[in-house]
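Bear in mind that the values in this text are calculations on the coordinates, not laboratory data. Quick caveat: nothing in here was measured; it's all calculated off a predicted structure. Cβ atoms come from the backbone with ideal geometry, glycine included; neighbour counts cover every protein chain shown.
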Amino acid sequence: MIDPLAEQKLLDKLPAQFNNTDLLHRAMCHRSYLNENEDMNEDNERLEFLGDAVLGLLVAEWLYKRFPDKPEGFLTKARALLVRTENLAKYARGIEIGPALLLSKGEEMTGARERDSVLCDAFEALVAAVYLDQGMDTVRKLVEPFLDKEESTIMDRFDLEPKSRLQEWAQANGHKSPVYELLAESGPDHNRVFSIQAIVDGRRMGIGKGKTKQAAEKKAAENSLKMLGIH
């Protein structure tokens with residue numbers, strides 16, 4: 001069974017105590033453990049299946065509320081980022097799932113307690129176990145603190161979102177992809193300012209300024225979207 005100290009450390013990280021600790025034990029049970037032990041009769045794969053769906057809904061809900069002005073494309077990309085294996089493994093480490101895992105001796109020797117894929121699966125299984133034991137409100141209390149910390153990462157990762165949206169608009173309306181023309185650059189080398197205009201099929205659109213060409217292109221795309229009435 002789970003090491004009592006590791007189990008207690010994990011429980012201390014959760015927003016509520018389990019009514020049915022068998023669910024917790026099942027969530028921590030890697031399939032390899034069943035081959036060498038008879039004290040468990042089910043691994044965490046079924047819980048992982050349910051947890052994936054619960055997590056997907058909760059992340060979608062969080063994004064929908066946190067970014068009320070962002071389009072569907074942004075929300076879809078952000079959701080994919082938040083639930084990728086590396087991120088879920090990071091969340092698992094944050095609540096010390098690794099030491100509480102039930103593993104075979106072989107998996108233990110190969111470092112499975114720190115393997116991203118194993119931790120990701122266990123985190124999804126834990127989400128399902130909390131959901132079944134405590135309900136969605138408790139799952140939110142477990143997951144949303146992790147999501148809150150990712151907000152700035154999401155914005156940085158999709159910093160070029162206006163360019164993507166302008167390209168999507170161009171493609172949807174049968175136009176070529178936007179191009180960005182440098183109109184001017186000024187200022188000393190350590191503090192340059194670039195002025196760039198977006199052009200779609202020869203149509204001159206928004207102009208943007210920035211301290212880098214990338215920033216100026218983003219602003220040009222943003223202003224182009226405003227010209228088009230797309231917010």
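Charge dipole (Cα centre; +1 on Lys/Arg Cβ, -1 on Asp/Glu Cβ; no other charges) of the chain amounts to roughly 1680 debye. For the pair segment 62-123 / segment 1-29, the C-alpha centres are spaced 18 Å from each other. When only Cα pairs below 8 angstrom with a gap of at least 6 residues are kept, the chain shows a relative contact order of 18 percent.
Specify which labelled value, from (i) 19.3; (ii) 20.5; (iii) 17.9, agrees with Kirkwood radius over Cα pairs in Å derived from the coordinates of the model shown. Here the calculated entry is (ii).
When each of the peptides 23-31, 204-212 is scored by how many other beta carbons lie within 10 Å of its residues on average, the order from highest to lowest is 23-31, 204-212. If the chain linking GLU36 and ALA16 were pulled fully straight, counting 0.36 nm for each residue of separation and taking away their Cα-Cα distance, it would gain 4.1 nm.
Within the straight-line cut-off of under 30 Å between alpha carbons, the lysines reachable from LYS105 are LYS9, LYS13, LYS90, sequence neighbours fewer than 8 places apart in one chain being disregarded.
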